[in-house]
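Below: the structure, in structure tokens.
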Amino acid sequence: MVVAPDSFKGSLSAKGVGEAMKRGIHTVFPSAKVEVLPMADGGEGTVDALLYANNGKIEEVEVHGPMMERVMAKYGVFEKDGVQYAVIECAESTGLTLVPYEMRNPMIANSFGFGEVICDALRKGYRHLIVTLGGSATNDGGVGMLQALGWKFYNSAGDLISPFEGNGLIHIVDFSVEDVLPALLECTISIASDVMNPFYGENGAAFIFGPQKGANAEQVIELDDHLRRFSDLVKAKLGVDLQGIRGAGAAGGLGGAFAGCLGAKMKSGAELVLNFTGADEKIRGADLVFTGEGSLDSQSMFGKVPVGVAKLAKEHGVSVIGVAGRMDEDTKPLNEYLDAVFSIQTQCRSLEDAMRSDVTKKQIEVTVEQVCRVLGINN
């Protein structure tokens, strides 16, 4: 059997979920071979999933945080099919959780530290990068990140804009790429993101994500205008239409900076993790697959782990069962992909109690055990 769950966010890591599933299986089928394959969708847990599957390791580097404070950022490195990869999570250097609630301000925050982590990976010889864009505190269109990589931005007075001035996007009227790090030309960059928002506009980076990063209504409009102007400038100078790139609005416009300015390829986070963890080969030979996440609902149809795992399982004719902390009452959409879905809730609890990791572990174990007992009866 293969267990390939996402994390139950805020409660239990994907690895923890997988181990609980494994215990439930072994209670009924003690001799069963169970492969634990932690999954992720390009957000939280992606680095852990890739390193777990490929025996990777962690690198650390001190960089600037979103408010230009010093922070220690981690990123993962691993080898796959003879190729060395670095997987870099935006949230480690540029994350919203790095900024106290009362200090969140996308008019100041920038993504310079994210670029510094990339520089460290390049210095250490990595040329195949995977970047994840979830949880950013910034709405700078990726300008800070580009500054760290050698891009030069200028204000209306012709002066060079420093990352220490805050959100450089606000002041840009021109830029130069003459001093961009040469190593970038040797790189392939994959973006693990399922955000489809455009760079600017009513569904763009500022309007959709700005408020959660601390922007008020007036600031959202101002940021959107600056993103529009930067997009026009990039189109005029480089011939690249940032607004035309699906997902360019991810992480405050970092999606556009990577895809449009650095030539990165936008990929489904869940599919990327499935590919890099060897899930196809492992699921192909399985008798049964368990998967799951914190909530199995209508959003699970759009790039989430359980449906991605289920689609892969169906390609090989393998049955797949989903478990979750909660699930929609209408399971028809889910059952198009998953043979059966189960909630792990065994009694009424407060949300706080239900989210406790020890409770989640036990309930996953019990639920999977009961499913296996039914399977045992049928066998």
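If we keep just the residues of the range 53-78 that are touching a residue at least 40 places away in the same chain (Cβ under 8 Å) and assigned to a strand (DSSP E or B), which is nearest to Val36 (Cα to Cα)? Only one residue fits best here, namely Val77. Restricting Gly210, Gly244, Gly201 to residues that are under 30 Å from Asn275 (Cα atoms) and not β-branched (Val, Ile, Thr) narrows the list to Gly244. For the structure I just gave you, tell me whether Pro30 is out of contact with any strand residue (DSSP E or B) (no Cβ under 8 Å at 6 or more places or on another chain), within 30 Å of Ser295 (Cα to Cα), in the same structural domain as Phe164 (by TED's automatic domain parsing) and surrounded by fewer than 21 Cβ atoms within 10 Å (Cβ to Cβ). No.
As a summary of the residue check, Arg229 satisfies the conditions (1) within 23 Å of the chain's Cα centre (by Cα); (2) more than 21 Å from Leu51 (Cβ to Cβ); (3) of a type in the set (D, E, K, R) except for the one numbered (1).
One line per residue, one yes/no per condition, for (1) under 22 Å from Pro182 (Cα atoms); (2) touching a His at 6+ places or on another chain (Cβ under 8 Å):
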| residue | (1), (2) |
| --- | --- |
| Lys74 | no, no |
| Pro100 | no, no |
| Ile108 | no, no |
| Glu116 | yes, yes |
| Cys119 | yes, no |
| Tyr126 | yes, no |
| Leu129 | yes, no |
| Thr132 | no, no |
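All conditions but one from (1) out of contact with any strand residue (DSSP E or B) (no Cβ under 7 Å at 6 or more places or on another chain); (2) surrounded by fewer than 19 Cβ atoms within 10 Å (Cβ to Cβ); (3) under 15 Å from Gly294 (Cβ atoms) apply to Lys9; the one that does not is (1). Scanning the range 330-379 for residues that are exposed (fewer than 13 other Cβ atoms within 10 Å of the Cβ), small (Gly, Ala, Ser) and either on the phi > 0 side of the Ramachandran plot or free of Cβ contacts under 8 Å to residues at least 40 places away in the same chain (or both) gives a single hit, Ser350.
Could you tell me whether Val318 is hydrophobic (A, V, I, L, M, F, W, C), buried (at least 18 other Cβ atoms within 10 Å of the Cβ) and closer than 18 Å to Phe8 by Cβ? Judged against the criteria, Val318 is not a match.
The number of residues in the range 94-121 being more than 20 Å from Trp151 (Cβ to Cβ) and under 20 Å from the mean Cα position of the chain (by Cα) comes to 5.
Within the range 290-311, identify whether any single residue is of a type outside the set (A, V, I, L, M, F, W, C), more than 24 Å from the chain's Cα centre (by Cα) and farther than 19 Å from Ala20 by Cα, and answer yes or no. No: the range 290-311 contains no residue that is of a type outside the set (A, V, I, L, M, F, W, C), more than 24 Å from the chain's Cα centre (by Cα) and farther than 19 Å from Ala20 by Cα.
The values are calculated or read from the model by the stated rules, or taken from the named source; none is laboratory data. Not measured: the values here are computed from a predicted model. Positions of Cβ are generated from backbone atoms using ideal geometry, with glycine treated the same way; all protein chains shown enter the neighbour counts.
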